[in-house]
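The block underneath contains the structure these notes are about, expressed in C-alpha cells.
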Amino acid sequence: MTTAPISTINDLFRRIAAAGNPRAVLWQDEFSQWQPISSDQIYQRVRALAKTFLAWGAQKGDRIALISENRWEWAITDFATLAIGAADVPIYPTLTGEQIAVLVRDAGCRIAVVSTRQQFDKLSSVRAQTLLERIVMMDSPAPEGAIAMSELLAGADASGAERDPVFDALVTAVQPSDLATLIYTSGTTGEPKGVALTHGNIAANQNYAVADFSFNSTDACISFLPLSHITARALDYVMYNCGAQVAYCSQFDKLPQAMKEVRPTVIVGVPRVYEKIRQAVEQKSSVSPVKKRILAWATRVGTRHGAAVYSGREPSAPAWQLARKLVYTKVREAFGGRVKIFISGGAPLGIDTARWFASAGIALWEGYGLTETSPVISLNTPARQRMGSVGAPLPNIELKLAEDGELLVRGPSIFSGYWQKTEANAECFDAEGWFRTGDIAHIDADGFLFITDRKKELLKTSGGKLVAPQPIENKLKNSVLVAQAALVGDKHKFISALISPNFAALEEWARRNGIPVKSRTELVADSQVIALYGALVSEVNGTLANFETLKRFRVVAEEWAQDSGELTPSMKLKRRVITERYAAVIAELYADEATARGESAS
C-alpha cells in the first residue's frame, strides 16, 4: 500500500470523501441484489448523521453505542461518531439485553444505534438500566421509542459532490490523542473490559499493518467477520484507505453466495473459516473413492511445492499443473476464484491447516494481534514469511519476552488502558510501559514470532508438566469429523479432551456405515462412533510427547457455537463456559483418577 500515512481515522474518512469512487461500498437489498454506494454518498450520509448527533447534544469525548451486524449503516455510524470527536462503542448483536445493558451503562452512552427491531427490543427492555436518551434504528419503520435512520438521512444524497466547510473543519479538528472507540473484550475467562483505543493508536497500525500487500482501487473484500471485533474493522479501514471496494455481508450463511457474486481479491478470516473450507473439500471428496484418491494425490503433489507457493511463484511441474486443474482451482472457487491475498487472524492457525492450503496452491498469511494493540503486532507477508510463525513484528512495534516466556509489546498502536479499570491497567503494564499480552511466545534467530498458547490457558498436570492446549486442539480439528475440541486436565494426573463433532460429517459417515441416527445423544454414544474418534485421538497422540497425550476423551452431543455460548465471535473457545457446562462429564473422566493409570484413550 503506497498511500500517505494517516494520523487519525478522520484522515481516512477524508480520503474516502475525496476518492470519487462510484462503487465504494456494496450492500444487498431486500431482493439480495448488490447495490452500490458512492464516495459522495458516504460523505453526505456521514455529515447528516453527525449533524444530528450534534443537535442532540453529543460532544467531543461522548460515547455512542453501535449494535449491528455488518452493513453499510455500521460504517456510516462509525464515521459520523468519529467525525464529531465522539467515540463509538461497538457491541456484538448476539449478546443478550442484560449483557448489552452492562456495557452501555459502563461506557456511559446516551445515544445508541441498532440495526433491527430485534436489537431495539432487546435494548428497550433494559433501557431503564442505562443512561440512554435516544435510540436510532437502521431498519424502517422504527417502532415507538426509536428513530429511523432513514429519516435522519433523508435528502442527504441530493447534495452530491458539495462539501460543507464547517463540517470539514470539525472532522479535521480531531487529534490523534482523542478517544476513537471502546471495544469490550469478549471475556473468554472473565468479565468484559473496555479497550480504549485512540485515533492515533489505530492510525499507527493502519500505516504499517499491510504495507507489503500493495492493495489498491482494483481490490475488493467482503466484510463478514463481526465489525465489533477489531480485526474485521481494521481490514475495512485498510480497504477504504486504499480506495478498494467493501461489500457488506450481514449473515454468515450468505457468505458462500456472496463470494461467488462479489469475487473478492482479499480475504481475512479467522482460522475456523479456513478449517471449514478444508473440511468441506475433504467431506465432498470422501463420498467417492476416486475423488478421495485424487484429493490425496493432489495434496501430496502440492506438498512438494509449498515453498514455491509461499514465494509467490506458480510451480511449472506438469503434475502440479494437473493437480491445479483437477483440485486446486476448485478450492479457490470456494472463495470466488479471484482472491490474491488470504490472511488469517483472530485466533491461532494450526500449521497443519497452513500446510494443507499451501499444498492446494494457497498461501495463508498468518498474523497476530490483540484488541489492545489496534490490532496487528506481527504478520507474515510475501516479502517475509515463515510458516508456523505469526510473522515478523511491524516496524513500529517492539517485542521482548518476560522470564516466564510471556510476550511483552510496546509501540504507538498499543492502547493506554482499559476504560475505568485502574487495577487491571496496573496489572497489564510493567514499570517500563510494556504491555503484557498474556501469550506465551518465542522469537527465532531471524526475528519471527511464534505463539505457544495463552498464559492463563496452559494446563498444569499434578505432576507439574505444562501442556499448551491450542496446538493439540488444532491437530484434532484437522479431521473433518471434529468441529471443536477442548483439552481439560488442569491439576489432574493426565490430559483428556472434550470433542464437539462436525455433525454433518459424522451423520453422513453414520449413514454410510449403517448406523441409525436417532438423536445426537445416541449417536455419540454408539460404540462404532467412539471407536472412530478413538482412532483419531490415537493418531494425534502419536505426534505428542508422553506427558501431552490424551489419555481419555468424550464426544459430546452438542456442536459448540457462538449463539449457544461456547465460542467467542472470533470462534475462540470460552473455556470457562465449557468447563462449567461439562463439569459432570469432566468429573466422570477423572472419577477413578487415584487408582487409574490413565493410559486408555476411550
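The values are calculated or read from the model by the stated rules, or taken from the named source; none is laboratory data. Note that the structure is a prediction, hence the values are computed from the model and not measured. Using ideal geometry, Cβ is built from the backbone for each residue, glycine included, and neighbour counts are taken over all protein chains shown.
Quick check: is even one residue across the range 162-173 under 30 Å from Ala204 (Cα atoms) and assigned to a loop (DSSP other than H, G, I, E, B)?
The first filter runs over the range 162-173 and keeps only residues under 30 Å from Ala204 (Cα atoms), leaving 163-173.
Pick out the ones that are also assigned to a loop (DSSP other than H, G, I, E, B) and you get 163-164.
Scanning the range 162-173 turns up at least one residue that is under 30 Å from Ala204 (Cα atoms) and assigned to a loop (DSSP other than H, G, I, E, B).
What are the residues in the range 126-151 that are buried (at least 17 other Cβ atoms within 10 Å of the Cβ) and either outside the structural domain of Ile42 (by TED's automatic domain parsing) or under 22 Å from Ser250 (Cα atoms) (or both), if any?
Ile135, Val136, Met137, Met138, Asp139, Ala142, Ala146, Met149 - these are the residues of the range 126-151 that are buried (at least 17 other Cβ atoms within 10 Å of the Cβ) and either outside the structural domain of Ile42 (by TED's automatic domain parsing) or under 22 Å from Ser250 (Cα atoms) (or both).
Does Gly346 satisfy the criteria of being out of contact with any Asp or Glu (no Cβ under 7 Å at 6 or more places or on another chain), under 21 Å from Asp236 (Cα atoms) and touching a residue at least 40 places away in the same chain (Cβ under 8 Å)?
So Gly346 passes the test.
This table checks each residue for (1) in a helix (DSSP H, G or I); (2) more than 25 Å from Val467 (Cβ to Cβ); (3) touching a residue at least 60 places away in the same chain (Cβ under 8 Å); (4) of a type in the set (S, T, N, Q).
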{"site": "Pro516", "(1), (2), (3), (4)": "no, yes, no, no"}
{"site": "Leu523", "(1), (2), (3), (4)": "yes, yes, no, no"}
{"site": "Leu532", "(1), (2), (3), (4)": "yes, no, no, no"}
{"site": "Val537", "(1), (2), (3), (4)": "yes, no, yes, no"}
{"site": "Thr543", "(1), (2), (3), (4)": "no, no, yes, yes"}
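Of the residues Gly411, Gly361, which single one is buried (at least 22 other Cβ atoms within 10 Å of the Cβ) and more than 20 Å from the chain's Cα centre (by Cα)?
Going through Gly411, Gly361 in turn, just one is buried (at least 22 other Cβ atoms within 10 Å of the Cβ) and more than 20 Å from the chain's Cα centre (by Cα): Gly361.
So how many residues does the range 311-339 have that are outside any helix (DSSP H, G or I) and either touching an Asp or Glu at 6+ places or on another chain (Cβ under 9 Å) or charged (D, E, K, R) (or both)?
Selection size over the range 311-339: 4.
Looking only at residues in the range 370-393 that are surrounded by fewer than 24 Cβ atoms within 10 Å (Cβ to Cβ) and aliphatic (A, V, I, L, M), which one is nearest to Leu349 (Cα to Cα)?
Met387
In the range 34-68, which residues are in contact with a Phe, Trp or Tyr (Cβ under 6 Å, 6 or more places away or on another chain) and of a type in the set (Gly, Ala, Ser)?
Hit for the range 34-68 is Ser68, nothing else.
Would you confirm, using the coordinates I've provided, whether Val268 is touching a residue at least 60 places away in the same chain (Cβ under 8 Å), assigned to a loop (DSSP other than H, G, I, E, B), of a type outside the set (Ser, Thr, Tyr) and surrounded by 15 or more Cβ atoms within 10 Å (Cβ to Cβ)? Steps first, please.
Numbers: touching a residue at least 60 places away in the same chain (Cβ under 8 Å): yes; assigned to a loop (DSSP other than H, G, I, E, B): no; of a type outside the set (Ser, Thr, Tyr): yes; surrounded by 15 or more Cβ atoms within 10 Å (Cβ to Cβ): yes.
Considered against the rule, which asks whether it is touching a residue at least 60 places away in the same chain (Cβ under 8 Å), assigned to a loop (DSSP other than H, G, I, E, B), of a type outside the set (Ser, Thr, Tyr) and surrounded by 15 or more Cβ atoms within 10 Å (Cβ to Cβ), Val268 comes out as no.
If I ask for residues that are out of contact with any strand residue (DSSP E or B) (no Cβ under 7 Å at 6 or more places or on another chain) and assigned to a loop (DSSP other than H, G, I, E, B), which ones from the range 116-132 would you list?
Selection gives Thr116, Val126, Thr130, Leu131.
Report every pair of residues separated by at least 6 positions or lying on different chains whose Cβ atoms are under 6 Å apart, first residue within the range 433-455 and at pLDDT 95 or above, second in a strand (DSSP E or B) and polar (S, T, N, Q).
Leu449/Ser378
Identify, please: which residue in the range 227-264 is out of contact with any strand residue (DSSP E or B) (no Cβ under 8 Å at 6 or more places or on another chain) and under 23 Å from Phe31 (Cα atoms) and is, among those, surrounded by the fewest Cβ atoms within 10 Å (Cβ to Cβ)?
Out of the qualifying residues, it is Asp253.
When you scan the range 1-112 for strands (runs of 3 or more DSSP E) that lie fully inside it, which ones turn up with 3 or more residues that are surrounded by fewer than 24 Cβ atoms within 10 Å (Cβ to Cβ) and not acidic (Asp, Glu)?
The strands (runs of 3 or more DSSP E) meeting that bar are 25-28, 34-37.
Could you tell me which of the residues Leu123, Leu197 is under 31 Å from the mean Cα position of the chain (by Cα), surrounded by 20 or more Cβ atoms within 10 Å (Cβ to Cβ) and not assigned by TED's automatic domain parsing to the domain that holds Thr96?
Leu197
Could you run through the range 211-258 and say how many residues are assigned to a loop (DSSP other than H, G, I, E, B), of a type in the set (Ser, Thr, Tyr) and over 20 Å from Ile37 (Cα atoms)?
Qualifying residue count, the range 211-258: 2.
Would you check if Arg23 is touching a strand residue (DSSP E or B) at 6+ places or on another chain (Cβ under 9 Å) and under 17 Å from Ala161 (Cβ atoms)?
Against the criterion (touching a strand residue (DSSP E or B) at 6+ places or on another chain (Cβ under 9 Å) and under 17 Å from Ala161 (Cβ atoms)), Arg23 qualifies.
Quick check, is Ala158 outside any loop (DSSP other than H, G, I, E, B), closer than 22 Å to Arg233 by Cβ and of a type outside the set (S, T, N, Q)? Explain how you work it out, then say what you get.
Numbers: outside any loop (DSSP other than H, G, I, E, B): yes; closer than 22 Å to Arg233 by Cβ: no; of a type outside the set (S, T, N, Q): yes.
No: the conditions fail for Ala158.
Tell me the strands (runs of 3 or more DSSP E) entirely within the range 345-407 that contain at least 1 residues that are β-branched (Val, Ile, Thr).
376-379
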